[in-house]
Amino acid sequence: MKPPTNHLDRLTAIDASFLSNESDSTHMHIGAVLIFEGPPPKYDDFVDHVESRLPYVPRYRQKLVYPPLDAGRPLWADDAAFNLSFHMRHTALPSPGDDRELIALANRVFSQGLDRTRPLWEMWLVQELADDRFAVLIKSHHAMIDGVSGIDIGTVIFDVTPDAEPVSAGEEWSPHAEPSSVDLLRRSATELASAPVQLGNRLVNAIRRPESVVNRLSDQVEGIAEVARAFADPAPDVPLNTEIGPHRRIAWARAELSDFKKVKDSFSTTVNDVVLAIVAGSVRKWLIARGVPTDELELRAMVPVSVRSEDERGQMGNKLATMRAPLPVYEEDPVARLEIVTAAMDGLKQSKQALGAETIARLNDFAPPTLLAQAARLTFSTRLFNLLVTNVPGPQMPLYVLGRRLDEAFPMAFLAKNHALAIGVMSYDGQVNIGLLGDYDAMPDIDLIAKGLNAALTELLEAAS
């Protein structure tokens, strides 16, 4: 496999939107807390292992460069001063090294933004966990990676057998020269001049296939209209939507994928619908504990949907659209809640909402950076959603690093402005690992939601039995 090169790739409009929405209190990085069986590897061996895989993930050695005069979106350029030891950190937990100590460390790590002058990622090797385990904390900016591409790139870092042969690092990496301001302006001017040609090629293809283009255009217009109607029906004002600070509070929950499938099969729905139903059940109990009336209250969850084609798998950057899923916290009965979610999601799948969001995102590729920044802020507006719920299917086989088996993988999403909670779900090797990321001050009771997820799943399992 030949390592890819993508020096001076320009960020897509979606990628750039994550930069536009970042502030001192809204860090736009995503990541995971990975827990492994066995003794930790030596730090130098771990660094050598990661370094041997870097040729296949070139974005990890690239940084942002900005065209002068705001002449286009930023680009990715090789970092001539790249220093792997800056990105690879090493630490240990105090005794007894259980979930409590690991979560305290993760709170601090995910509370710190990434350095915009360097490649936008960090990896922490954490030793001294209880029961002869260790952990790895991974943090990458959302501008460079989405959840689905992250799973593919994770397979570059991981092995599928414990005795895999080491990968040769190959030739010593030689970065491209850093572009000058003149180089960046010249590139922007060239891309601007080529835009009419690209549009012309699309027009030629449209003439050749007029019927399919008309159908596609009709669907896109309908989808954009559905997105516009979403703004006219704002998400309700609840304690999840409040001013947030820079500090984070993390919790997680564990479940078995077989339990989700049992509920799915019993009620003829999907695993994703079961996820949304238990989120609704847990948040309902949390709202009641907070003294918030839930009668006739329906929250909105932002649910990212991958639009990555098969030939784009493994590429960096975001290929995402979003749907606005209902969370019927007004419904007390767990089965009725699931049925409401299933009916609503079936309707959304038949609708053009995701296509409309994708179309708007692609149109933004032609927007000036200042206009794009305004549109990006609307995407994460509290008018649209109350919390983020993302569900990524992971590999259903064990993964290894230097012969150590990955035991659990808890995903960490991000908090947009005035959003105090995000829930990430990932299935892996028969498990469902759920990572909750909350604002430290707004969510002191985040553990209630974590425990409520398991309680809501138990209710559905009992109904399924």
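Of all the listed residues (Asp15, Asp9, Asp24, Asp70), the sole one being at pLDDT 90 or above and either charged (D, E, K, R) or in the same structural domain as Pro246 (by TED's automatic domain parsing) (or both) is Asp24. The numbered conditions (1) modelled with pLDDT under 95; (2) crowded, with 20+ Cβ neighbours inside 10 Å are all true for Arg308 except (2).
Quick grid of which residues meet (1) crowded, with 18+ Cβ neighbours inside 10 Å; (2) more than 15 Å from Trp121 (Cα to Cα):
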| residue | (1), (2) |
| --- | --- |
| Ser17 | yes, yes |
| Ser20 | yes, yes |
| His27 | yes, no |
| Val33 | yes, no |
| Pro39 | no, yes |
| Tyr43 | no, yes |
| Ser52 | no, yes |
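Scanning the stretch 89-136 for residues that are closer than 20 Å to Pro58 by Cα and surrounded by 17 or more Cβ atoms within 10 Å (Cβ to Cβ) yields Leu114, Arg118, Pro119, Leu120, Trp121, Glu122, Met123, Trp124.
Evaluated against (1) closer than 25 Å to Ser168 by Cα; (2) at pLDDT below 95, Asp44 falls short on exactly one condition, (2).
Within the stretch 67-87, being in contact with a strand residue (DSSP E or B) (Cβ under 9 Å, 6 or more places away or on another chain) and touching a residue at least 60 places away in the same chain (Cβ under 8 Å) holds for Pro67, Gly72, Arg73, Pro74, Leu75, Trp76, Ala77, Asp78, Asp79, Phe82. Going through (1) in contact with a Lys or Arg (Cβ under 9 Å, 6 or more places away or on another chain); (2) surrounded by fewer than 17 Cβ atoms within 10 Å (Cβ to Cβ); (3) at pLDDT below 95 one by one, Ala228 falls short only on (1). Note on the stretch 338-356: among residues that are modelled with pLDDT of 85 or more and in contact with a strand residue (DSSP E or B) (Cβ under 9 Å, 6 or more places away or on another chain), the one that is surrounded by the fewest Cβ atoms within 10 Å (Cβ to Cβ) is Ala344.
Among the residues making up the stretch 385-444, those that are under 20 Å from Val283 (Cβ atoms) and of a type in the set (Gly, Ala, Ser) are Ala413, Ala416, Ala420, Ala422, Gly424, Gly435, Gly438, Ala442. Taking (1) touching a Pro at 6+ places or on another chain (Cβ under 7 Å); (2) farther than 27 Å from Ala336 by Cβ; (3) small (Gly, Ala, Ser) in turn, Ala463 satisfies each apart from (2).
The values are calculated or read from the model by the stated rules, or taken from the named source; none is laboratory data. Model, not experiment: these values are computed from the prediction. Cβ atoms come from the backbone with ideal geometry, glycine included; neighbour counts cover every protein chain shown.
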